[in-house]
Amino acid sequence: MSKKNKSAGSPLVYSTDPNFTPIQDEAEVATLSTDQQPLRVILETKHRAGKTATVIYGFIGKEEDMNVLGKALKNHCGTGGSVKDGEIIIQGDHRQKVFQYLQQKGYNKAKL
């Protein structure tokens, strides 16, 4: 049998146990209030083809709330960006703008 036909690491599992219950995904974390969010605002150029990007790490909460914050930051800075893998990415060097916006909105634990 060739190696191509083997299903290595297939996530599909079958069980004949009548009491089998599949493992549930992680429970969704409740969003912390704005004054308790430990956000970090940094500038990155690695893995971005030499382009600079402002990255906000440390958001604790629901994906929808992070998307709302990301959209507000992109609108405030007037630039593009994305929200993925638990981080908000804003194109360009907008650290001061982002930090001031977060302070205005009550994110008091945000750090540069």
message = Whether any residue in region 80-89 is exposed (fewer than 15 other Cβ atoms within 10 Å of the Cβ), on the phi < 0 side of the Ramachandran plot and not in a loop (DSSP other than H, G, I, E, B) is what I want to check.
response = yes
message = Where the second residue is hydrophobic (A, V, I, L, M, F, W, C) and part of a helix (DSSP H, G or I) and the first is within 14 Å of THR54 (Cα to Cα) and lies in region 64-76, which pairs have Cβ atoms under 8 Å and are six or more apart or on separate chains?
response = LEU73/VAL98; HIS76/VAL98
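Conditions (1) under 30 Å from GLN100 (Cα atoms); (2) modelled with pLDDT of 70 or more, marked per residue:
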position	(1), (2)
SER10	no, no
PHE20	no, yes
GLU28	yes, no
VAL41	yes, yes
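Looking at region 67-87, is at least one residue β-branched (Val, Ile, Thr), more than 14 Å from LEU112 (Cβ to Cβ) and in contact with an Asp or Glu (Cβ under 6 Å, 6 or more places away or on another chain)?
No, region 67-87 contains no residue that is β-branched (Val, Ile, Thr), more than 14 Å from LEU112 (Cβ to Cβ) and in contact with an Asp or Glu (Cβ under 6 Å, 6 or more places away or on another chain).
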key: Subset of region 73-89 [of a type in the set (Lys, Arg) and either touching a Cys at 6+ places or on another chain (Cβ under 6 Å) or modelled with pLDDT of 95 or more (or both)]   = LYS74
task = Specify the residue that is surrounded by the fewest Cβ atoms within 10 Å (Cβ to Cβ); the eligible residues are those in region 28-47 that are farther than 14 Å from ASP93 by Cβ and polar (S, T, N, Q).
result = SER33
ask   = Among the candidates GLY58, GLY92, GLY70, which residue alone is in contact with a Pro (Cβ under 8 Å, 6 or more places away or on another chain), under 23 Å from LYS111 (Cβ atoms), modelled with pLDDT of 85 or more and of a type in the set (Gly, Ala, Ser)?
value = GLY58
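The values are calculated or read from the model by the stated rules, or taken from the named source; none is laboratory data. Please read all numbers here as calculations on a predicted model, not as lab measurements. FYI the Cβ positions are ideal-geometry reconstructions off the backbone, even for glycines, and counts take in every protein chain you see.
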